[in-house]
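Just below is one structure, and these are the notes that go with it.
The values are calculated or read from the model by the stated rules, or taken from the named source; none is laboratory data. Everything quoted here is computed from the prediction, not taken from an experiment. With ideal geometry, Cβ positions are generated from the backbone for all residues, glycine too; neighbour counts draw on all protein chains shown. Side chains included, ligands, DNA and RNA excluded: accessible areas come from the protein's heavy atoms. Shrake-Rupley method; radii C 1.70, N 1.55, O 1.52, S 1.80 Å.
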Amino acid sequence: MQKSILNLSISIALLIIGCSQAAFAQQTTIRTGPYGNSSVTNRSYNGNGKQTTTRTGPYGNSSVTNRTFTGAGKQTTTRTGPYGKTGTTTRSVGK
């Protein structure tokens, strides 16, 4: 039950983002730790249910997450780590 609610919440959030492309087209977050190390997260909405997030750590390593909302309650997430390894997750909201 909780997993279904989470999947539905993700679907609704992606739908809201899809309806307000201009508001969330590009977002940058900089996090600075207690010792001055910073990491940068760039998130962009590419339209048609596609979102890309790039995270760069304090030592220059980057990872990329591509999220695609394909409609009918389906979402695919592909993560590529700093060493080129890729993992894919597909979620579906069931009835």
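In segment 80-95, the residue that is modelled with the lowest pLDDT out of those that are of a type in the set (G, A, S) and not in a loop (DSSP other than H, G, I, E, B) is S92. If you take the residues of segment 35-55 that are assigned to a loop (DSSP other than H, G, I, E, B) and more than 16 Å from T78 (Cα to Cα), which of them is least open to solvent (accessible area, probe 1.4 Å)? Within segment 35-55, the match that is least open to solvent (accessible area, probe 1.4 Å) is G36. Out of the residues in segment 72-81 that are more than 14 Å from Q51 (Cβ to Cβ) and open to solvent by 70 Å² or more (accessible area, probe 1.4 Å), state the one that is farthest from the chain's Cα centre (by Cα). This residue is A72. Across segment 50-71, the qualifying residues are those that are of a type in the set (S, T, Y) and more than 11 Å from the chain's Cα centre (by Cα), and the one among them that is farthest from V40 (Cα to Cα) is T70. Pairs under 8 Å by beta carbon, first residue modelled with pLDDT of 90 or more in segment 56-70, partner of a type in the set (A, V, I, L, M), six or more apart or different chains? Filtered contacts from segment 56-70: T56/V40; R67/L14. Scan segment 64-79 and give yes if some residue there is among the hydrophobic types (A, V, I, L, M, F, W, C) and either within 22 Å of S9 (Cα to Cα) or outside any strand (DSSP E or B) (or both), otherwise no. Within segment 64-79, one or more residues are among the hydrophobic types (A, V, I, L, M, F, W, C) and either within 22 Å of S9 (Cα to Cα) or outside any strand (DSSP E or B) (or both).
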